[in-house]
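Derivation of every value follows stated rules applied to the coordinates shown; laboratory data play no part. As the structure is a computational prediction, the values presented were derived from the model and not from experiment. So basically every Cβ, Gly included, is an ideal-geometry build from the backbone, and we count neighbours across all protein chains shown.
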Amino acid sequence: MKKRLGGRLISPAHADILIQQGLIAADSHLHSSVSHDVSDRPKTHPKQVIETGFARGITYPIITDHDNMRAHLTVEAPGPFAAELSVTPQDLGLARPYEIHINAYMENRHDLAAALEMAAHGAYKDLLLFEWAKLYDRVLSWNHPFRPERKERLNPALMKQFARDFRAVEVVNAKLFSGQNRYAQRMADAYGLAAFAGTDNHAGSPKPMMLARGDSFWEWMDNVLNHQSYIVERNASSVTWAQDGLDWLELMLQGTASELELKSGDPSLDEKIALFIQRPELAQAFRRFMNMGIGPLKPGVLYARRAWVGPELERFKEFAQLPEVQELISNEYARGTPRTGRYAHT
């Protein structure tokens, strides 16, 4: 297969055909009820997330809960021990540092525990995580590079450093819009990064996102890292963003929203959220209202399009037009840039 990503992006329908022909499917980015931002329901229990993945033809539904590995101690599943590590590079002189997310895929719980410990206690410049991963050939993937956490701002110069440090990057995140994923794909091409894809699902709904051959998980992973894989294109919509909003309401009803300090980015809605925390019966009624109707005509979807989708796309469009960002995703620019980062495998 070509190392260039463009020839390996496929549709969900094409993925179903390749699975029937024997390729092995994975969803490399999933959350269960063990994650702090997932509502505790039967379908989000780690065991159920895994079983739902199996039922959908996914050999490796990989749970990557935030900064912990409790799901992997709860249920056995084929594939790696994995987690989504949160790192805030406050030591790089940024006026507004932002958090990056890293998926770590390890052969055993001891390696994953070590990765979690290093991510929790290392300043970015001194972070042993990359040196350790390179020395022992461990797999780290940079998640959703073109979408920061809410109220944070991306930094093109820092992203260039990350592109040199990482070996792999998430080029399709099903919770992001096509433009955000497309820029990640172009950056992967420019820097020769291995391509990962995941739903980033928080509601117990894994889907086939990556396909490759391999008689074992690590043989499968070797093919992914050597660009011998397919990536399934799935992009976000107003419907998926509305579902995120309804999941927030579920967390409120469980009494955890006040601890999480969930914010929508819309001040008027944040005021309502504060009220719902005090009056969960209002959240029940609001959730029912937002779910009325069919598909894109549901009030929740219409609200998501106005309050979240529009501002998110405008923010990305403004960022994408910066000259430094165009350099970051340019093959011509990166071709002469040696892979000198700490995680630049050769």
### Task
Mind giving me the nanometre distance, one decimal, between the label points for LYS43 and GLU271, set 7 Å out from Cα along Cα→Cβ?
3.4 nm
### Summary
Excluding near-sequence neighbours (fewer than 8 apart on one chain), region 5-236 holds lysine pairs with C-alpha atoms under 25 Å apart numbering 12
### Label-point separation in nm, LEU282 to GLN326, each point 7 Å along Cα→Cβ
4.8 nm
### Message
Taking 30 Å as R0, compute the FRET efficiency from the Cβ-Cβ separation of SER86 and ASP137 and round it to 0.05.
### Response
0.80
## Note on the structure
Taking only C-alpha positions in region 174-213, Rg and Dmax in angstrom work out to 11.7, 34
#### Entry: Å³ per residue enclosed by the Cα convex hull of region 5-236
114 Å³
### Query
Measuring from a point 7 Å past the Cα of ILE10 along Cα-to-C-beta, which residues in region 221-240 have an amide N at less than 13 Å?
228-233
